[in-house]
Amino acid sequence: MEKFIVFGKYCEGAIKKREPFREEHLQRLRILKESDILITLGPTKCTKYLFGIFNAQDEIELKELIESDIYWQKGIWISFEIYPWVQAF
């Protein structure tokens, strides 16, 4: 598996708009964490952007994983970029 960094952007008013979907989103993240796919994921303090580190076979697999998240499907996440990452330490 390779490591990837994900940078993304939240929609306007994401904190309020995410409420109906938050538990489903968090439950899925727990499963990804337990499966060693998700290393970390969360919003920046200003809540405009998201940052994550994932393990995946390739960018295609990770893109599909992100796009199957309820936050993407409901427009809470509005964009993202994936970068392969080499962990030095």
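The values are calculated or read from the model by the stated rules, or taken from the named source; none is laboratory data. Values in this document were obtained by computation on a predicted structure and should not be read as measured data. When we count neighbours, we look across all protein chains shown, and the Cβ atoms used for this are built from the backbone with ideal geometry, even at glycine.
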### Message
List pairs: first residue in region 44-70 and closer than 13 Å to residue 5 by Cβ, second residue at pLDDT below 95 and part of a loop (DSSP other than H, G, I, E, B) anywhere in the structure, Cβ distance under 7 angstrom, at least six positions apart or on different chains.
### Response
55/1; 56/1
### Query
Could you give every pair whose Cβ atoms fall below 9 Å, whose first residue belongs to region 22-38 and is of a type in the set (Lys, Arg), and whose second residue is outside any helix (DSSP H, G or I), counting only separations of at least 6 or pairs across chains?
28/68; 28/69; 30/38; 33/39; 33/40; 33/41
### Among residues of region 7-50, those that are in contact with a Leu (Cβ under 8 Å, 6 or more places away or on another chain) and farther than 13 Å from residue 79 by Cβ, counted
8
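Does region 71-89 hold any residues that are under 16 Å from residue 57 (Cα atoms) and surrounded by 12 or more Cβ atoms within 10 Å (Cβ to Cβ), and which are they?
Passing the criteria: 82, 84, 85.
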## Note on the structure
Of (1) part of a helix (DSSP H, G or I); (2) in contact with a helix residue (DSSP H, G or I) (Cβ under 8 Å, 6 or more places away or on another chain), residue 64 satisfies every one except (2)
### Query
Does at least one position in region 30-41 carry a residue that is within 22 Å of residue 86 (Cβ to Cβ) and part of a helix (DSSP H, G or I)?
yes
### Task
Restricting attention to region 1-25, report how many residues are surrounded by 14 or more Cβ atoms within 10 Å (Cβ to Cβ) and of a type in the set (A, V, I, L, M).
3
